[in-house]
Amino acid sequence: MTNLTQLTLSDAVDGLKAKTFSAKEITQAFLSEIDKSNQHLNAYVVVTADKALKMAEASDAKLAKGKGGRLEGAPLGVKDLFCTAGVRTTACSNILGEFTPTYESTVTQNLWDQGAVMLGKLNMDEFAMGSSNETSRFGPPASPWRREGSNAKLTAGGSSGGSATAVSADLCLAATASDTGGSIRQPAAFTGTVGIKPTYGRASRYGMVAFASSLDQAGPLAKTVKDAALMLEIMCSADAKDSTSLHLPVPEWTKSVGKSIKGMRIGVPKEYRVDGMPEEIEKLWQQGVDWLKAAGAKIVDVSLPHTKYALPAYYIVAPAEASSNLARYDGIRYGARQSGDGSLTSTYETTRAKGFGTEVQRRLLIGTYVLSAGYYDAYYLRAQKVRTKILEDFEKAFEQCDALLTPATPSAAFGYGEKGDDPVAMYLNDIFTVTANLAGLPAIAVPAGVDSQGLPLGLQVIGKALDEEACFKVAAAIEQAAAFKARPKRWW
Amino acid sequence: MSVDKNTVRKVARLARIAVPEERLGPLAGELNGILAWIEQLNEVDVDGVEAMTTPVAMTLPMREDVVTDGNIRDQVLANAPRSEDGFFVVPKVVE
């Protein structure tokens, strides 16, 4: 039998249904792999072995009767951003201490309702603020990928770095993740995995630790486009507990995978050809264009003139909303309290100074500043208007095409510390991904090749609002043409 | 708009984050770097443009005005750093 941990989610689900192996067997295979690997990779910050085995036993009982959900017995990892009842949830921040939710996020509940097995909680940047997973209170994960002939530890991207590490190192079949500026798609591109952020409102935000509420969306990281479609179909739902949840039926995206893209019009936005972009990225993009042409799509040049304003707008909107959302962490009702000089104000100020890391504090100060008296119109309101311009750009482009093809990231994965101390240099990582968050559009990253040092590179497909189907169709066409088979060489 | 140490002190106070005196200067530098980069938004003509709300037109959902949750005191207090007799315990605020 092939190694169970190396199966795709879809194959594992089929194997479980056919009783080729049991839920307990595959769960134990993952737990023993995590046991061996996690000390080197730091993907999991909590391993829920007992819970996993209990869930697996329950799944086996159902499977024995020929029953069970669509993910019955399939072991998954959960980004530490999702509240999981009875399991510590901290968004990898010290300020949440040993916070153990008494309730379950809607997204994870949807997965358990379909029989999935929880292996544990996955590493991430503190409150999802980062592009390298270095801001986690538990230290960064190590990507299983390394440059050829080098031992330098590389980032798996951020903020969903633990999810990307776990999926690419076979420490789970698939994982939940979240994307506020690119936190699903950039880690996917860095680790040769598939990640999709759906249209804003498709996935419920109930029980997701909030970062920037108008941008946050949950989505999966998975090994294949089909697996990502299966995960997303189950994660998404109309939810009365989230007032921004879309009350629309969730389409059967798994059926889009493999559909012909013949006649589809694919837009190539010229503004995504940025200064200083490595030639390899440019080549990969052209390769993607050629693949889609060969599959029968028509390529259209389009323009998204406000692209360059997306990141600056994001760095107003996201910190502003974060400063409001994170006001709840005051050390009174939950999390770690620091008393300072014993007064109430000192308790707040010391709790937050000790509980939040450097990057989170930096963003909270920016957010507080741009929302402070007299500056709201100049910053937040202006940024929200620029968002409208960015959305209008997309709407105009979509009059000429059905989906857009862009690179997923401006480079391959980088090493820890290589970005230096300039926060803006780190922020530029999200240059191709952030526009879809600002406009609320669905976007998928799919592995398409490797660079000269053997590191994965990804392409991104952005769809119209509610048209995840186009993302899945085009991504599947790229996946098929690319036949991406590269795997990290085991060093851990 | 340039941020000085006093502004950082004021903003840190508003954000309820204790920032040590020696960090005020470096933070002012960092914030100025980010704000200078953000300034390019001033190039965009946003006259008459509505602020973005959502890409998918929808109205906020309504529901019956009935109690849907509650009577979970112990759950609410389960993660409190300090609680006693069913209450949160906080530093003294009234002399």
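Tabulated values for the structure
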{"item": "Accessible area buried, both sides summed, chains A and B with 1.4 Å probe, Å²", "result": "5000"}
{"item": "Options B:Met52, A:Thr350, A:Leu7, ranked by Cα towards positive dipole end of the protein assembly as shown, top entry (Cβ charges)", "result": "A:Leu7"}
{"item": "Solvent-accessible surface ranking, highest first, for A:Tyr348, A:Tyr103 at 1.4 angstrom", "result": "A:Tyr103, A:Tyr348"}
{"item": "Charge dipole (debye, nearest 20) of segment A:307-405; +1 at Cβ of Lys and Arg, -1 at Cβ of Asp and Glu", "result": "300"}
{"item": "Accessible area of A:Leu455 in the full protein assembly, 1.4 Å probe (Å², nearest 10)", "result": "0"}
{"item": "Dipole magnitude (debye, nearest 20) for chain B, charges at Cβ of Lys, Arg, Asp, Glu", "result": "520"}
{"item": "Kirkwood-based Rg to Rh ratio, chain A, C-alpha trace", "result": "0.95"}
{"item": "Antiparallel bridge percentage (DSSP; both residues within chain A; nearest 5)", "result": "70"}
{"item": "For segment A:422-492 versus segment A:247-261, the gap between their alpha-carbon centres in whole angstrom", "result": "19"}
{"item": "Ranked order, B:Arg16, A:Arg146 - accessible area, probe 1.4 Å, largest first", "result": "B:Arg16, A:Arg146"}
{"item": "Proximal aspartates and glutamates relative to A:Lys62, as straight alpha-carbon distance under 20 Å, when same-chain residues fewer than 8 apart are discounted", "result": "A:Asp11, A:Asp14, A:Glu25, A:Asp50, A:Glu72, A:Asp113"}
{"item": "Residues in segment A:333-351 occluded by at least 30 Å² - accessible area, probe radius 1.4 Å, against chain by itself", "result": "A:Arg333, A:Arg337, A:Leu344, A:Thr345, A:Glu349"}
{"item": "Separation of alpha-carbon centers, segment A:1-43 and segment A:131-159, rounded to whole Å", "result": "23"}
{"item": "At least 18 Å along the helix axis (C-alpha) and Kyte average at least -0.5, DSSP helices within chain A", "result": "A:49-64, A:310-325, A:358-371, A:468-482"}
{"item": "Euclidean distance between Cα centres, segment A:98-130 to segment B:36-92, Å", "result": "20"}
{"item": "Exposure rank, largest accessible area first [A:Leu457, A:Leu381; 1.4 Å]", "result": "A:Leu381, A:Leu457"}
{"item": "Rounded to the nearest 10 Å², the accessible area of A:Asp402 at probe 1.4 Å", "result": "30"}
{"item": "Max mean-square fluctuation residue, GNM over chain B, Cα-Cα springs under 10 Å, options B:Asp85, B:Asp65, B:Asp47", "result": "B:Asp85"}
{"item": "Accessible solvent surface per residue of the protein assembly as shown, calculated while the other protein chains remain in place, 1.4 angstrom probe, Å²", "result": "39"}
{"item": "Exposure of B:Glu21 as accessible area (Å², to 10), given a probe of 1.4 Å and all protein chains", "result": "100"}
{"item": "Segment B:19-72 - percent of accessible surface contributed by carbon and sulfur, probe 1.4 Å", "result": "52"}
{"item": "Drop in accessible area of at least 30 Å² in the complex versus isolated chain, residues of segment A:246-272, 1.4 Å probe", "result": "A:Leu246"}
{"item": "Cα gyration tensor, segment A:189-267 - rounded (a/c under 1.5), prolate or oblate", "result": "prolate"}
{"item": "Percent antiparallel among DSSP beta bridges (both partners in segment A:43-175, rounded to 5)", "result": "40"}
{"item": "Magnitude of the charge dipole, the protein assembly as shown, Cβ model with Lys/Arg +1 and Asp/Glu -1, debye to 20", "result": "1040"}
{"item": "Cα gyration tensor, segment A:142-279 - rounded (a/c under 1.5), prolate or oblate", "result": "prolate"}
{"item": "Carbon plus sulfur fraction of accessible area for segment A:416-492, probe 1.4 Å, in percent", "result": "49"}
{"item": "Segment A:435-492 shape via C-alpha gyration tensor axes, a/c threshold 1.5", "result": "prolate"}
{"item": "Entries of A:Lys255/A:Lys464; A:Lys223/A:Lys259; A:Lys36/A:Lys67 with Cα pairs more than 21 Å apart", "result": "A:Lys36/A:Lys67"}
{"item": "Value of [θ]222 nm, deg cm²/dmol, for chain A, DSSP H segments ≥ 4, -39500 (n - 2.57) each, nearest 500", "result": "-11500 deg cm²/dmol"}
{"item": "Sparsely packed trypsin sites (Lys or Arg not before Pro) within segment A:456-486, loop by DSSP, other Cβ within 10 Å at most 10", "result": "A:Lys485"}
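The values are calculated or read from the model by the stated rules, or taken from the named source; none is laboratory data. Worth saying up front: this structure is predicted, and the values here are computed from it rather than measured. Note that each Cβ is placed from the backbone with ideal geometry, even for glycine, and that neighbours are counted across all protein chains shown. What goes into the accessible areas is simple: the full protein's heavy atoms, side chains included, and nothing from ligands, DNA or RNA. Shrake-Rupley method; radii C 1.70, N 1.55, O 1.52, S 1.80 Å.
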